[in-house]
1. Residues in the stretch 28-41 that are loosely packed, with under 15 Cβ neighbours inside 10 Å and either touching a strand residue (DSSP E or B) at 6+ places or on another chain (Cβ under 8 Å) or more than 15 Å from residue 5 (Cα to Cα) (or both): how many?
2. Can you tell me which residues in the stretch 8-43 are farther than 25 Å from residue 53 by Cβ and without any contact (Cβ under 8 Å) to a residue 24 or more places away in the chain?
3. Among the residues of the stretch 1-22, is there at least one that is at pLDDT 90 or above, surrounded by fewer than 10 Cβ atoms within 10 Å (Cβ to Cβ) and not in a strand (DSSP E or B)?
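The values are calculated or read from the model by the stated rules, or taken from the named source; none is laboratory data. Treat the numbers as computed from the prediction; the structure is a model and nothing was measured. Here the Cβ positions follow ideal geometry from the backbone for every residue, glycine too, while neighbour counts run over all protein chains shown.
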């Protein structure tokens with residue numbers, strides 16, 4: 001029996017300073033026909049874009065200092 005990669009998870013932690021960090025994590029299901037390496041590259045790219053945008057707040061969030 002040959003083992004298969006069926007799910008991949010990737011996370012990055014970014015130091016925000018003042019003892020604060022941000023963690024972005026994504027998981028993808030590897031469907032038949034997809035290369036696990038290609039799925040990982042897409043996850044890494046997506047996570048990198050999200051973590052570089054910094055903390056995101058919706059308008060009206062209570063925790064935002066104005």
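1. 2
2. 31, 32, 33, 34, 35, 37
3. Within the stretch 1-22, one or more residues are at pLDDT 90 or above, surrounded by fewer than 10 Cβ atoms within 10 Å (Cβ to Cβ) and not in a strand (DSSP E or B).
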